[in-house]
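Peer 1: Would you mind keeping the following structure in view while I ask a few things?
The values are calculated or read from the model by the stated rules, or taken from the named source; none is laboratory data. Every value quoted in this text rests on a predicted model; they were computed, and no experiment measured them. Glycine also receives a Cβ, built like all others from the backbone with ideal geometry; neighbour counts cover every protein chain displayed.
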Amino acid sequence: MSPPQSFEEDLAFSKTLHNHESEHGGLLAKITSKDKEAFENVVNNYMKYWVDKDPMTESEETKEARRSNYTNMTNAYYNIATDFYEYGWGESFHFCRFYPGENFYQAIARHEHYLAVQLNIKSGMKVLDVGCGVGGPAREICQFSGAHITGINNNDYQISRAIRSAARIGLENKTNFIKGNFMEMPFEDNSFDAVYAIEATCHAPKLEGVYGEVFRVLKPGGTFAFYEWCVTDKYDPNDPEHRRIIRGVEYADGIPELFKTSVALQSLKNVGFEVVSAEDMALNDDTIPWYYPLEGDIRKAQCLWDYFSVFRMTHFGKFCTRALVSI
């Protein structure tokens, strides 16, 4: 079965690929239930956007292919990665800051609560989650604030998981998950009291495109708060090592192109936003770094359950995952 070309074909392909009836199991059950031919097509579809191995000599044609086909590329990426994200990280696909004595999932939730507080989200408000993943943050913020959360996502598999997870905890009437392209949102102007995004708009080929859509669907006087992946001003595109690192992040995360912080801030202003506050959250004096779960250093685990989470990123944990997938 070939990769899809439309929303209808996308849904049919997703059902064939993932066997949605089997999505209740663990990683092994999900992997073994996938249609092997469809999965191979997805992998090949994603890899075709990264044919040039050296970022210093990569053709402009290849870069433009990623930008112009960002929905297809990102969808392919999450068709591959979603089950592994849930297995290795949880249902909130984002980083956060950590404090001593605070376990992994408490830290993830606090990071989401902080965003909700910055937006002043209250019960009864209509809030949009741009790039909602499998709905982890939407459910958390809904329970934290009492607001109604609508999530928009381009991946049918993630949407189906978000809907099921919300219903499982009784939030089916307080949440809504919509299939859509965040560069062309299927919402009327002035639809939402507040909008947030958590490490999702980095998948946009042009930041002004998604920021402009947020500005359009946000009610006058409303607020947009988000966590964005950005390249710092220290980045030198003429430095081969810098290019190699950034290319590695883009390839490993399904991102067409990462932009500098200055580009993100200017893009917000260009579409009409007033930037009230901006912070580089990687620049802090935290005793536990934000990336510690990726290090595989179990000495930094804060509780018994964290040992299991961090173990997956140790050399032996990665070996076990590869062995599990190869079964």
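Peer 1: Out of the residues in segment 205-230 meeting the condition of being among the hydrophobic types (A, V, I, L, M, F, W, C) and touching an Asp or Glu at 6+ places or on another chain (Cβ under 9 Å), tell me which one is farthest from Asn154 (Cα to Cα). Explain how you work it out, then say what you get.
Peer 2: Step one: filter segment 205-230 for residues among the hydrophobic types (A, V, I, L, M, F, W, C), giving 207, 210, 214-215, 217-218, 224-226, 229-230.
Those left that are additionally touching an Asp or Glu at 6+ places or on another chain (Cβ under 9 Å): 207, 217-218, 226, 229-230.
On the way: Leu207: 17, Val217: 18, Leu218: 20, Phe226: 18, Trp229: 19, Cys230: 22 Å.
In this case the residue turns out to be Cys230.
Peer 1: Is it true that some residue in segment 85-104 is over 21 Å from Tyr292 (Cα atoms), in contact with a Phe, Trp or Tyr (Cβ under 9 Å, 6 or more places away or on another chain) and of a type in the set (Ser, Thr, Tyr)? Write out each step before concluding.
Peer 2: Keep residues of segment 85-104 that are over 21 Å from Tyr292 (Cα atoms), which gives none.
Among the residues of segment 85-104, not one is over 21 Å from Tyr292 (Cα atoms), in contact with a Phe, Trp or Tyr (Cβ under 9 Å, 6 or more places away or on another chain) and of a type in the set (Ser, Thr, Tyr), which makes the answer no.
Peer 1: Can you pull out every residue in segment 209-246 that is under 19 Å from Lys122 (Cα atoms) and either among the hydroxyl-bearing types (Ser, Thr, Tyr) or in a helix (DSSP H, G or I) (or both)? If you could, list the steps in order and put the result at the bottom.
Peer 2: First, the residues of segment 209-246 that are under 19 Å from Lys122 (Cα atoms): 217-226.
Selection gives Val217, Thr223.
Peer 1: Now for a separate question. Counting residues that are surrounded by fewer than 22 Cβ atoms within 10 Å (Cβ to Cβ) and without any contact (Cβ under 8 Å) to a residue 12 or more places away in the chain, which helices (runs of 4 or more DSSP H) fully inside segment 49-140 reach at least 2? I'd like the intermediate steps shown before the answer.
Peer 2: Working: elements: 60-68, 70-88, 104-119.
Because the criterion is at least 2 residues that are surrounded by fewer than 22 Cβ atoms within 10 Å (Cβ to Cβ) and without any contact (Cβ under 8 Å) to a residue 12 or more places away in the chain, the helices (runs of 4 or more DSSP H) in segment 49-140 that meet it are 60-68, 104-119.
Peer 1: Of all residues in segment 166-198 being surrounded by 19 or more Cβ atoms within 10 Å (Cβ to Cβ) and among the hydroxyl-bearing types (Ser, Thr, Tyr), which is nearest to Asn75 (Cα to Cα)?
Peer 2: Top of the filtered list is Tyr196.
Peer 1: Which of the residues belonging to segment 189-208 are assigned to a loop (DSSP other than H, G, I, E, B), charged (D, E, K, R) and within 30 Å of Ser123 (Cβ to Cβ)?
Peer 2: So the first thing to find is which residues in segment 189-208 are assigned to a loop (DSSP other than H, G, I, E, B), and the list is 189-191, 199-200, 204-206.
When the remaining residues are screened for being charged (D, E, K, R), the result is 189, 199, 206.
Residues satisfying the conditions are Asp189, Glu199.
Peer 1: Give the residue, chosen from Phe182, Phe177, that is in the same structural domain as Ile141 (by TED's automatic domain parsing), at pLDDT 95 or above, farther than 22 Å from Glu64 by Cα and of a type in the set (Phe, Trp, Tyr).
Peer 2: Numbers: Phe182 fails: farther than 22 Å from Glu64 by Cα.
Every option except Phe177 fails the conditions.
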